[in-house]
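Worksheet: the structure to be examined is printed underneath.
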Amino acid sequence: MIRINEVKLPLDHSEVALHDFVINKLSINKDQVVDIHVFKRGYDARKKNDIYLIYTLDITLKDVDEEQLLTTFADDHQVKASPDTSYKYVAQAPKDLTERPIVIGMGPCGLFTGLILAQMGFNPIILERGKSVHERAKDTFRFWRTRELNTESNVQFGEGGAGTFSDGKLYSQVKDPHFLGLKVKQEFVAAGAPAEIIYVSKPHIGTYKLVTMVEKMRSKIIELGGEIRFETRVEEINIDDNQVTGVTLSTGEVIPSKHVALAIGHSARDTFKMLHDKGVHLEAQSFSVGFRIEHKQAMIDAARFGKNAGHPLLGAADYKLVHHCKNGRSVYSFCMCPGGVVVAATSELESVVTNGMSQYSRSERNANSAIVVGISPEDFANDPMQGIALQRQLERNAYVLGGSSYDAPAQCVGDFLAGKTISQMGDVEPSYKPNVKLTDLSTSLPAYAIEAIREALPAFNKKIKGFSNADSMLTGVETRTSSPVQIKRGKDYQSINTKGLYPGGEGAGYAGGILSAGIDGIKVAEAIALDMLNA
């Protein structure tokens, strides 16, 4: 099979344009083309009124000497042999398997750790402190309507992880030489995701589709011999002479195992404390804090796509922005949700945390993203527990600023930049539920963060006209961008000082988003399987 990269065609190209390009590029007859498979499709919108689609194509040919063809194009970077992208299992469990690996957490990392272990026959036990995804969705939507928070079942905790209530974005910048990301997306498609997520450059699924997909993947794990327990919190990791021996549950039950995957997510603060107290090696890690910013999606579409705004192949426009400030801080956009809403994402009482969410259609009136400032370990004395304390302090302060009712503090961009206390709501209606309270956001973050964001917003306006318009809306606070903790592991994916403990995903500091967390879950599963075979 032949791969052709960087195939550039007009946005509204004809149906036969790909076929014509292939036969002209390769100098072959049309009858020699058996199939053209789109491996990837993106777009180049640097000139918003002259947008091009960019393809990567895999071509199946007949009556063609492919080796000779590749020799002819040896100096052409555009034409190569198609790589083998199929997933290959690294192990198969023996029939006399006596130990069962444990997976703690059922977000994307835990889900794929459990799924791959089950597919290899290792019959994992998955422990999830929250509820099943359907019941969890009920609790989450109830909180948004009534302000009744279930601290074990919310945006952060429960089957599917925090990514379930997000945009369902499935792209990542992690290096993936073994195409594990493709395996993740293929499993999602098998569970009901749209087939296009395999090839579009910025695929997304949306919350409602993710809920049903996660349920189907759970059923698959169980059918393969895995066991899943919901509303089961791990109270303690049992360690003897630096070797994991099992876990103790909040009920007092002990489950023995020498192989425990730790896929707890970035908000399992009580678990971080337990690990710290047990002597598992943790290190402070950089994270970011800031606000959610909302604009009308139509304005973002026009700024990014010009006359092509609304084109079905482009969908709702997104953006990615960064600004390096005079005070040494960096401000950047994070988790951009086109056509989405700002959601309440706290997991602790008397705290306010924001996040962004979109459905597959991305059809809501507003665009939103986090505008965040980098926080380094030096800002909290290189103490991982102090990073958590800083997050918690900002979240509780936001709760008070919002009126102590889980409403979020909010301010129009014009007032924020001018340093005004409040004036009135602008033309952009905030989407956060339960509600927002207009207030002065200048006390909601450290002074250096406020200074940096005030510098960055006008700079972003130079890249996207209207970005710092006075009636754009800021809602605070965004604090859960990533884990403030990294649970250090070695090349064997085990904790550097606790054998048999396999930290993975966002909570352990090795992923950022659904796709990268799923990829890391596969790597953790492979490491566990190989170690169990060699034990």
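Short-range pairs are left out: with C-alpha atoms under 8 Å and at least six residues apart, the relative contact order of the chain is 18 percent.
Considering all C-alpha pairs of segment 90-187, those separated by over 20 Å amount to 50%.
Would you work out if segment 186-333 is rounded, prolate or oblate? Take a ≥ b ≥ c from the square roots of the eigenvalues of the alpha-carbon gyration tensor; rounded if a/c is under 1.5, else prolate when a/b is larger than b/c, oblate otherwise. The shape class here is oblate.
Per atom type, the chain shows carbon and sulfur on 49% of its accessible surface, probed at 1.4 Å. Distance between the pseudo-spin-label points of Arg3 and Val38 (7 Å out from Cα toward the beta carbon): 1.8 nm. Considering all C-alpha pairs of segment 404-459, those separated by over 16 Å amount to 46%. Each stretch of four or more DSSP H residues adds -39500 (n - 2.57); spread over every residue of the chain, this sum gives -9000 deg cm²/dmol at 222 nm.
With all protein chains kept in place, the per residue accessible area of segment 335-493 amounts to 37 square angstrom at a probe of 1.4 angstrom. Ranking Pro108, Gln119, Ile54 by Cα position along the charge dipole of segment 1-142, where only Lys, Arg, Asp and Glu carry charges on their C-beta atoms, puts Pro108 farthest toward the positive end. Computed packing ranks the peptides 335-341, 449-455, 198-204 as 335-341, 449-455, 198-204, most packed first, by mean other Cβ atoms within 10 Å. When the P(r) is computed for the chain, the part past 41 Å accounts for 26% of the Cα-Cα pairs.
In order along segment 279-292, phi translates into HN-Hα couplings of x, 5, 6, 10, 10, 5, 9, 5, 8, 9, 9, x, 10, 8 Hz, rounded to whole numbers, per the Karplus curve 6.51 cos²θ - 1.76 cosθ + 1.60 with θ = phi - 60° and x for Gly and Pro. All C-alpha pair distances within segment 323-400, sorted into 10 Å bins from zero, spread as 17, 34, 37, 12, 1 percent across the bins.
Computed as a quarter of the hull surface, the mean projected area of the alpha carbon convex hull for segment 366-412 stands at 4.5 nm². Normalising the average separation of contacting C-alpha pairs (under 8 angstrom, six or more residues apart) by the number of residues puts the relative contact order of segment 2-136 at 23 percent.
The values are calculated or read from the model by the stated rules, or taken from the named source; none is laboratory data. What you are looking at is a predicted structure, and each value in this text was computed from that prediction instead of being measured. Every residue, glycine among them, receives a Cβ derived from its backbone with ideal geometry; neighbour counts consider all protein chains shown. Just so you know, the surface numbers come from the protein's heavy atoms only, side chains and all, with ligands and any DNA or RNA stripped out. Shrake-Rupley method; radii C 1.70, N 1.55, O 1.52, S 1.80 Å.
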